[in-house]
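Shown next, in structure tokens, is the structure this report addresses.
The values are calculated or read from the model by the stated rules, or taken from the named source; none is laboratory data. As the structure is a prediction and not an experimental result, all values here were calculated from the model. Note that we place each Cβ from the backbone using ideal geometry, even for glycine, and neighbour counts take in every protein chain shown. Side chains are part of the model used for accessible areas, which takes the heavy atoms of the whole protein and leaves out ligands, DNA and RNA. Shrake-Rupley method; radii C 1.70, N 1.55, O 1.52, S 1.80 Å.
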Amino acid sequence: MKHRTAPSRRRAALTAGVAGVVALATTLAGGVALSTTAQAAESTLGAAAAQSGRYFGTAISASRMSDSTYINIANREFNMITAENEMKMDATEPSQGQFNFTNGDRILNWALQNGKQVRGHALAWHSQQPGWMQNMSGSTLRQAMINHINGVAGHYKGKIHSWDVVNEAYADSGGGRRDSNLQRTGNDWIEVAFRTARAADPGAKLCYNDYNTDNWTWAKTQGVYNMVKDFKARGVPIDCVGFQSHFNSGSPYPSNYRTTLQNFADLGVDVQITELDIEGSGTTQAETYRKVVQDCLAVTRCNGITVWGVRDTDSWRASGTPLLFDGNGNKKAAYTATLEALNAGSTSTPSPTPTTPSPTPTTPSASPTASPTTPQPSGACAATLRIVNNWGSGYQAEVSVKANQAISGWTTQFTLSGSTLSQVWNGSLTSSGSTHTVRNVSWNGNLGAGQTATYGFTANGSAPSSSTVTCS
């Protein structure tokens, strides 16, 4: 089987969150029932994806953030952001033990301040290593990798939706590992990277990310599949697999793409399309984008899609015009097809327990705290609230809803004094003064006895020492 030649690039091999969706629960006499109504068509990619609980994201570069057309499109259209190069090894640890998060923080803070989530890319990779690491080997390199993951994932702890923990570790042919300085430290290096990342940032989804894994029949795809299967069997903490999906005439969209996504999902991991670009133009390009979106929507555990860049001129493959906006920022036919496919929805909904990062800017003074409240012991459900991040002028909270019996929807209510609620995800909010009511969204209302659902919110002001949450 013909494989695409590994791309020659110095670009981020990225990405990766779930935005709130339109609430469908209505309160009826005697409790909460789920009332399903047709969704209105949304006018932006992120909002359209959110209708099915998914995200639609893009990769951005700190160097282009002063371009008003570029940043306005990114802000308007996308609800997941990946730093193109700014969180990679050479950018974040240019000198051994000396970390630099300036540009990574700039992107993350802009994203979170504008209500978006962030995929982290990438913690360990054979490429774009800093010069001091390139000639290392053996146990010295292994420890340097561990220290790097701890330093970067620890810095962004609680703020990243998904990490590309290891990037592009498989060879382009044969189905085996790529020869690299990291691989020569021992075949367990990928496992060690994932275990280190889990300890450093327990709340983030941990992904393996690669290219040329789109076609189910390819040896490289099978090699990655077997690794993931082994990891799941042995309890190695892997949560997701990222498919870069760079399609062109030499590596076209495969007819079995959906099969690939589904087979990986069947292993018990989420799948994410992390670096999508499709070279071409006109109807052919548009219809390929449509098929990719439809394939993701058809797979329950496909969390979302990220395109690798905003405009064609921003792409690492600019000559192939592979993105959804042309160089002037105009929407292409591919954009229209993508939006239509997202608005058409799907027959599946994504995993009901997505990891949601803290939507708060990275600040040196942020120190997480926990303030559990007393659960309500009676009724069909109970809820607890805890503060998971507190940065002085605001905080992030998480509410857990537990079903005491099988329920088809839930409503929680709480009062905040001294703070103003600013954003909610995984729930639908209505407020009256300082009293806030949050109901389930379309995919997390049906709970069996003993099952739980969670939602989160951010607020400006002082975090409460405790807060009672009622649930019905």
Which members of segment 46-66 meet the condition of being open to solvent by less than 20 Å² (accessible area, probe 1.4 Å) and of a type in the set (A, V, I, L, M)? 48, 49, 50, 59, 60, 62
Filter segment 251-288 for residues that are of a type outside the set (Val, Ile, Thr), more than 22 Å from residue 168 (Cα to Cα) and open to solvent by less than 60 Å² (accessible area, probe 1.4 Å) and give the result. 280, 282, 285, 286
Candidates 304, 235, filtered to the one that is of a type in the set (Gly, Ala, Ser), open to solvent by 10 Å² or more (accessible area, probe 1.4 Å) and at pLDDT 95 or above: 235
Here is a list: 221, 185. Which entry is of a type in the set (Ser, Thr, Tyr), surrounded by fewer than 22 Cβ atoms within 10 Å (Cβ to Cβ), touching a Ser or Thr at 6+ places or on another chain (Cβ under 8 Å) and over 17 Å from residue 122 (Cβ atoms)? 185
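Kindly indicate the residue of segment 449-464 that is in a loop (DSSP other than H, G, I, E, B) and either open to solvent by 30 Å² or more (accessible area, probe 1.4 Å) or of a type in the set (Gly, Ala, Ser) (or both) and also modelled with the lowest pLDDT among those meeting that condition.
Looking only at segment 449-464, we keep the residues that are in a loop (DSSP other than H, G, I, E, B), and these are 449-451, 462-464.
Right, trim to either open to solvent by 30 Å² or more (accessible area, probe 1.4 Å) or of a type in the set (Gly, Ala, Ser) (or both) and you get 449-451, 462-463.
Details: 449: 83, 450: 76, 451: 73, 462: 83, 463: 83.
Result: 451.
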So, residue 221, is that one of a type in the set (Ser, Thr, Tyr), closer than 28 Å to residue 309 by Cα and in a loop (DSSP other than H, G, I, E, B) or not? no
Going through (1) open to solvent by 40 Å² or more (accessible area, probe 1.4 Å); (2) outside any helix (DSSP H, G or I); (3) under 28 Å from residue 262 (Cα atoms) one by one, residue 309 fails only at (1)
Among the residues of segment 162-178, are any part of a helix (DSSP H, G or I) and either buried (at least 17 other Cβ atoms within 10 Å of the Cβ) or in contact with a Pro (Cβ under 6 Å, 6 or more places away or on another chain) (or both)? no
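Can you confirm whether segment 29-45 contains a residue that is in a helix (DSSP H, G or I), at pLDDT 50 or above, touching a Leu at 6+ places or on another chain (Cβ under 9 Å) and buried (at least 23 other Cβ atoms within 10 Å of the Cβ)?
To start, the set of residues in segment 29-45 that are in a helix (DSSP H, G or I) comprises 45.
Next, from what is left, pick out any that are at pLDDT 50 or above: 45.
In the following step, the residues that additionally are touching a Leu at 6+ places or on another chain (Cβ under 9 Å) were identified as 45.
This time we only want the ones that are buried (at least 23 other Cβ atoms within 10 Å of the Cβ), so: 45.
Yes, there is a match, as at least one residue in segment 29-45 is in a helix (DSSP H, G or I), at pLDDT 50 or above, touching a Leu at 6+ places or on another chain (Cβ under 9 Å) and buried (at least 23 other Cβ atoms within 10 Å of the Cβ).
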Looking at (1) part of a helix (DSSP H, G or I); (2) surrounded by fewer than 18 Cβ atoms within 10 Å (Cβ to Cβ), which one does residue 108 not meet, given that it meets all the others? (2)
What's the number of the only condition in (1) under 22 Å from residue 119 (Cβ atoms); (2) more than 20 Å from the chain's Cα centre (by Cα) that residue 211 fails to meet? (2)
Checking the condition in a helix (DSSP H, G or I) and crowded, with 18+ Cβ neighbours inside 10 Å, which residue from 121, 148 passes? 148
Among (1) within 21 Å of the chain's Cα centre (by Cα); (2) farther than 30 Å from residue 446 by Cβ; (3) open to solvent by 10 Å² or more (accessible area, probe 1.4 Å); (4) of a type in the set (A, V, I, L, M, F, W, C), there is one condition residue 99 misses while meeting the rest; what is its number? (1)
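Among the candidates 94, 130, single out the residue that is of a type outside the set (Val, Ile, Thr) and either open to solvent by less than 10 Å² (accessible area, probe 1.4 Å) or under 24 Å from residue 315 (Cα atoms) (or both).
Numbers: 94 fails: either open to solvent by less than 10 Å² (accessible area, probe 1.4 Å) or under 24 Å from residue 315 (Cα atoms) (or both).
130 is the lone residue from the list that is of a type outside the set (Val, Ile, Thr) and either open to solvent by less than 10 Å² (accessible area, probe 1.4 Å) or under 24 Å from residue 315 (Cα atoms) (or both).
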Taking only pairs six or more apart or across chains, which ones have beta-carbon atoms under 6 Å, a first residue in segment 67-81 that is open to solvent by less than 60 Å² (accessible area, probe 1.4 Å), and a second residue that is among the basic types (Lys, Arg) and at pLDDT 95 or above? 70/64; 79/116; 81/116
Here are some residues: 193, 199. Which one is crowded, with 19+ Cβ neighbours inside 10 Å, assigned to a helix (DSSP H, G or I) and among the aliphatic types (A, V, I, L, M)? 193
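Matching residues to (1) of a type outside the set (Val, Ile, Thr); (2) at pLDDT below 80; (3) over 25 Å from residue 300 (Cα atoms):
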| residue | (1), (2), (3) |
| --- | --- |
| 396 | yes, yes, yes |
| 418 | yes, no, yes |
| 427 | yes, yes, no |
| 466 | yes, yes, yes |
Filter result for the condition that a residue is out of contact with any strand residue (DSSP E or B) (no Cβ under 9 Å at 6 or more places or on another chain) and outside any strand (DSSP E or B), over 283, 288: 283
Cβ-Cβ below 9 Å, separation at least six or inter-chain, first residue in segment 51-63 and farther than 12 Å from residue 343 by Cα, second open to solvent by 10 Å² or more (accessible area, probe 1.4 Å) and assigned to a strand (DSSP E or B): which pairs? 55/117; 57/117
For segment 398-438, give me each residue that is in a strand (DSSP E or B), within 26 Å of the chain's Cα centre (by Cα) and of a type in the set (Gly, Ala, Ser). 400, 422, 428
